[in-house]
1. State all residues of the stretch 81-107 that are within 19 Å of Asp68 (Cβ to Cβ), out of contact with any Lys or Arg (no Cβ under 8 Å at 6 or more places or on another chain) and surrounded by 12 or more Cβ atoms within 10 Å (Cβ to Cβ); if no residue qualifies, say none.
2. Take Leu244 and tell me if it is out of contact with any Leu (no Cβ under 8 Å at 6 or more places or on another chain), open to solvent by 80 Å² or more (accessible area, probe 1.4 Å) and within 16 Å of ligand 1 (Cβ to nearest atom).
3. Before we move on, is Gly499 open to solvent by 30 Å² or more (accessible area, probe 1.4 Å), of a type in the set (Gly, Ala, Ser), in contact with a helix residue (DSSP H, G or I) (Cβ under 6 Å, 6 or more places away or on another chain) and more than 30 Å from Ala579 (Cβ to Cβ)?
4. Residues in the stretch 102-130 that are hydrophobic (A, V, I, L, M, F, W, C) and under 13 Å from Asp81 (Cβ atoms): how many?
5. With the condition kept exactly as written, say whether any residue in the stretch 544-560 is without any contact (Cβ under 8 Å) to a residue 40 or more places away in the chain, buried (at least 18 other Cβ atoms within 10 Å of the Cβ) and more than 23 Å from Tyr610 (Cα to Cα).
6. Quick one: would you say Gly293 is of a type in the set (Gly, Ala, Ser) and at pLDDT below 90?
7. Mind telling me which of the residues Ser275, Ser282, Ser271 ends up being open to solvent by 10 Å² or more (accessible area, probe 1.4 Å), among the hydroxyl-bearing types (Ser, Thr, Tyr) and on the phi < 0 side of the Ramachandran plot?
8. Any residue in the stretch 442-466 that is without any contact (Cβ under 8 Å) to a residue 60 or more places away in the chain sitting within a Cβ distance under 7 Å of a residue that is open to solvent by 60 Å² or more (accessible area, probe 1.4 Å) and among the charged types (D, E, K, R)? List the pairs, counting only those 6 or more apart or interchain.
Amino acid sequence: MTSPAFPARKDADQEQFLEVLPREEALARFEAVLFPRAVPAEERAPADALGLALAEDVTAPIDVPPFDRSNVDGFAVRAADIARASEAQPVRLALTGEIIACGVAPQLSVLAGTATSIATGGPVPRGADAIVMVEHTHPVDGDVIEIRRSASPGQFVSYAGSDIARGEILLRAGTVIGSREIGMLAACGIASVKVARKLRVAVMSTGDELIQPGEPLRPAAIYDANGAIVSAAVNENGGDAAFLGAFPDDEAALEAAMRAALANHDMLILSGGTSKGAGDVSHRIIGRLGEPGIVAHGVALKPGKPLCLAVCDGKPVVILPGFPTSAMFTFHDMIVPVLRRMAGLPPRMDAEVTARIPFRIASELGRTEFVMVSLVEGREGLAAYPTGKGSGAITSFTQADGFIRIEALADNMPAGSEVPVTLFTPHVRVPDLVIIGSNCTGLDLVLGELFRSGLSVRSLAVGSLGGLAAASRGECDLAPIHLFDPKTGSYNVPFLMEGMELVEGWRRMQGIVFRPDDERFEGLAAEDAIKAALDDPDCMMVNRNQGAGTRILIDRLLGSARPGGYWNQPRSHNAVAAAVAQKRADWGVTIQPVARAAGLGFIPLAGEHYDFALVSSRAGRPAVQAFLAALASSETHAALAQAGFARPAQSAP
Ligand code: AMP
Ligand code: MG
């Protein structure tokens, strides 16, 4: 591959990505400019150095133990004197009269035929070469002791320096100091060590739309997630993050803030504003901050293509992509190795497990793709379910156990592939109860009780059909489904496969939602409401995605009509309510609890059955029993009713 001349262009007029580099090339360029370099170090007391890396080897200044030490309570003797001692033929030795407790330096020698009383940890006196345990002796009188066992030379003696010898390397540079290291240092009497000082990393968010948590959200604004994520991730990797806040996309103000941040920190990490959109200014500023400037802008990663790597007068300046998941992955993949190396820390060791991919995952050719996955235990071992909802989704992080990598040269990961999963935590947590299928807010009300009783539950939303497939592979205990069968006019039962049984869930009333002040719909029955909507050319609808149960209902209502907004097809009940509440649409179809929570008017259409396909072979598991009990409890019924869901017994026939 030919490398473009760098430092990169500094003229602000061109707005194209220079060249999208493979991740290895981008990382190599970044590291080539940054290393080798000295690790900034400082002296610290070991207790204040917890989690920091040693900047240099530590050698032992003394022998440990510092003297020949007794390991038992007993008598210091000469082994030759008692070579033939036994229970039948004990040997008598004269006591020297000295008693060596811990911390007492012996004054008298052990001569032939004599013994000295000694405690565990006491220094072995001159002349003695072995210790006999007190259990194998018998006092004759105050001056004589009877020995009833022989001893080989060296018995129960720890020689000086046998643990650590003076001058030996105790701990190597790069070792991260934990309680064990602190203990070793203390045992050697070391009160101060040279450690790599934490890297001072300035973190800035950029974007006119950003609001800090705790402040009220204004229209079209979003909360700044990256500031919190990046700061925490810096601290997790041995840095000392200073979050400087979110800055508007104002070139002059941002440049001043970036200069000030660089002056006081070892590294500067920004997020947002690195793509080519209007207002993306931070990358233009970098060229003015120091040499060599940008070394890579555009890396073949997914998510994370707009990543920008720069070095300004020896200090790294990074612009992470704006989407939080993209920011997170690029940070861990590209920035953490550099941050740790600069901080004198060893590379991160993330735990890995092997798991099977349940269905084909499409991937973009030419970009290294990271896909977050959630692990469940199936009949054939671990299965890794993708949890991502695109690079803009942040919630997928909490559902995910780790991620898989799809190499740049692959355009998909076939179903059934066995792949390594890099774990976010050191161990896989196999949940007590696994629920895979269609999601419903009512489910949270049932699960709440299980969480409170300490059970771990994994609930993955993959739709009704995906849930049935998972159940057929034995990957879940229960699959929530709401599938209408037009042939039989019934819900769910016709879709059960062998080895599954139906557990009745609840009914969700579907209906037309509108803003309560909209006179076009107020007080109308469903059919009249649809007619009113279709009669008014200004009336906008919001639809649902193909394949959703709600969509079947909408298509029946509309017939061949295609009113404005028909092609707006979000994938959830909540998105429909948000579109109407925020006036992007005037009506749509969603479930009653969602309409109620959004404060919308509601015209009932039909009750939908939300039930569970239970994998029969797993019905006896304690967590499944606990779920069934929670589902049947009167508390759950009350909570469901309160939220607008009806249990079958209570619903109208
Ligand atoms: P940008 O790279 O500035 O074009 O941002 C890409 C997307 O990420 C936009 O939707 C931004 O609103 C979003 N974004 C940027 N910065 C943040 C942040 N700090 N927290 C959450 N989202 C962000
Ligand atoms: Mg922006």
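1. Start the filter on the stretch 81-107 by keeping residues that are within 19 Å of Asp68 (Cβ to Cβ), which leaves 81-82, 96, 98-107.
Keeping just the survivors that are out of contact with any Lys or Arg (no Cβ under 8 Å at 6 or more places or on another chain) gives 81, 96, 98-105, 107.
Selection gives Asp81, Thr96, Glu98, Ile99, Ile100, Cys102, Val104.
2. Numbers: out of contact with any Leu (no Cβ under 8 Å at 6 or more places or on another chain): yes; open to solvent by 80 Å² or more (accessible area, probe 1.4 Å): no; within 16 Å of ligand 1 (Cβ to nearest atom): yes.
It is false that Leu244 is out of contact with any Leu (no Cβ under 8 Å at 6 or more places or on another chain), open to solvent by 80 Å² or more (accessible area, probe 1.4 Å) and within 16 Å of ligand 1 (Cβ to nearest atom).
3. yes
4. The total comes to 6.
5. Taking every residue of the stretch 544-560 in turn, none turns out to be without any contact (Cβ under 8 Å) to a residue 40 or more places away in the chain, buried (at least 18 other Cβ atoms within 10 Å of the Cβ) and more than 23 Å from Tyr610 (Cα to Cα).
6. Working: of a type in the set (Gly, Ala, Ser): yes; at pLDDT below 90: no.
The answer is no for Gly293.
7. So the residue among Ser275, Ser282, Ser271 that is open to solvent by 10 Å² or more (accessible area, probe 1.4 Å), among the hydroxyl-bearing types (Ser, Thr, Tyr) and on the phi < 0 side of the Ramachandran plot is Ser275.
8. Partner pairs satisfying both residue conditions: Ser456/Arg429.
The values are calculated or read from the model by the stated rules, or taken from the named source; none is laboratory data. It should be emphasised that the depicted structure is a prediction, and the values quoted were computed from it without experimental measurement. Note that we place each Cβ from the backbone using ideal geometry, even for glycine, and neighbour counts take in every protein chain shown. What goes into the accessible areas is simple: the full protein's heavy atoms, side chains included, and nothing from ligands, DNA or RNA. Shrake-Rupley method; radii C 1.70, N 1.55, O 1.52, S 1.80 Å.
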